[in-house]
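Values in this text are rule-based calculations from the coordinates and carry no lab data. For clarity, every value in this text was computed on a predicted model and none was experimentally measured. Ideal geometry is used to build each Cβ from the backbone, glycine not excepted, and the neighbour counts take in all protein chains shown.
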Amino acid sequence: MENSTQVKFFYLFGLQETFNNKSVYFILSLIIYLLIITVNLTLIITIIQEKGLHEPMYIFLCSLCVNGLYGTTGFYPKLLLDLQSDVQVISYGGCLTQAYVIYTSIMCEMSTLTVMAYDRYVAICRPLLYHTIVTSLTVRKLLLFSWCYPLFIGLIAVSLAVRIPLCGSRIDKIFCDIPSILKHACLPNTINQNLNKFVILVHVLQILFIVFSYCQIVRTCVKSAKGRIKFTQTCVPHLITIFIFITVTLFDTLQGWNNVNSTLNMRNAMAVQFLIIPPVFNPVIYGLNLQQIRRAVFRKCNAHKIMDMKH
C-alpha cells in the first residue's frame, strides 16, 4: 500500500459544547496565553541578563521556561482561531505539526525535570564535588539530552504516523495529538504502539530516578538546619513542579481511555491541563521561592520605574 493518505483535513469536535460561550472562552484563553508569555519571558530574560544567575540550576530553569513557550505556541494560536470560527478544521500537515510540538514538549518537560533532579542531587548530596561533576560541558550535554531526545523520538513518531493510511478525520479534542490521529488507522499500527510503550518506559524510569534522587536529598537535608533551609528554597519548588506535571499529564492519559465516561467539556479541561498549569506555575513557583531570581526581577522592575520617572 502506498505511504499516503486520502485525509486532507481533520475536523476538531472538541469545541462543540462551547458554541454559546465562545467569546468568554476566547477572552480567558487569550489572557492565559498572554500570562504564559509574560511570566516565562520575564524569567528567561532575567536569567540571561543576570550574570549571577548563570549557574546550572537557573540554566535548566530557563530551558524549562523555553519549553513552556514552545509547547503552548503549538496550541493557543490555533485554539484562538478556532474560537472565532464556526467550523474547526486543520490541515493534515498542520495537525501533524501540532501533534509533534505538543508531543515533544511533554517529553522535553519530563527530561528537563529529570536533569534538574540530578543537578539538585549532586548539589546537596555531593556539594564538595559539585563543580567537578556539573561542569559547563556537563550542563551542555544535559541540555542536549533534554531537547534532542524528545525532538528525535517525536520525529520518529510522526514519521511512523505519516506512513499509515487513515479511514477517518474526526478528532474529539480541541487539538491534534498522535493517539487521536492513529485511532483512524486503516491498518494495524504495531510499530507505533511499541514506540509508545518505549516512551512510557523511559518516563517511568525518569520518574523512578527523580524519586531516588529526592529520597537521597531528604536523607541528607534532615541532618542539619542549613540543609533543611536549602531543601525548602531550591527543592520544594522543583517537587511541586514535578507533582503538577505528572498529575496533569496523567489526567490527559486517563481521559483517552474509552471506558472513561465524562462530558466533552470535562475531557477538554483534563486534556489542556498540561498546557495551562505547568507553563504558568513553573516560572511563578520558582520566581517566588528562589531569592536570587526574585531580587533580580524586582531590581529590573525598580530600574524601569526610575527610568520612566526620569522621562
Based solely on C-alpha atoms, express the radius of gyration and the Dmax of segment 43-109 in angstrom. 15.9, 50
Tell me, what are the semi-axes, in whole angstrom and largest first, of the equivalent ellipsoid of segment 143-238 as set by the roots of 5 times the Cα gyration tensor eigenvalues? 42, 14, 12
Expressed in angstrom and ordered largest first, the alpha-carbon extents of segment 9-310 along the principal axes are 60, 53, 33
Counting pairs of alpha carbon atoms under 8 Å apart in space and at least six apart in sequence, what relative contact order in percent does segment 9-310 give? 27 percent
How much net charge surrounds Ser146 when only the other residues with a Cβ under 13 Å from the Cβ of Ser146 are counted, with Lys and Arg +1 and Asp and Glu -1? 0
If you add up the charges near Ser85, with Lys and Arg at +1 and Asp and Glu at -1, over every other residue whose beta carbon is less than 14 angstrom from its beta carbon, what do you get? 0
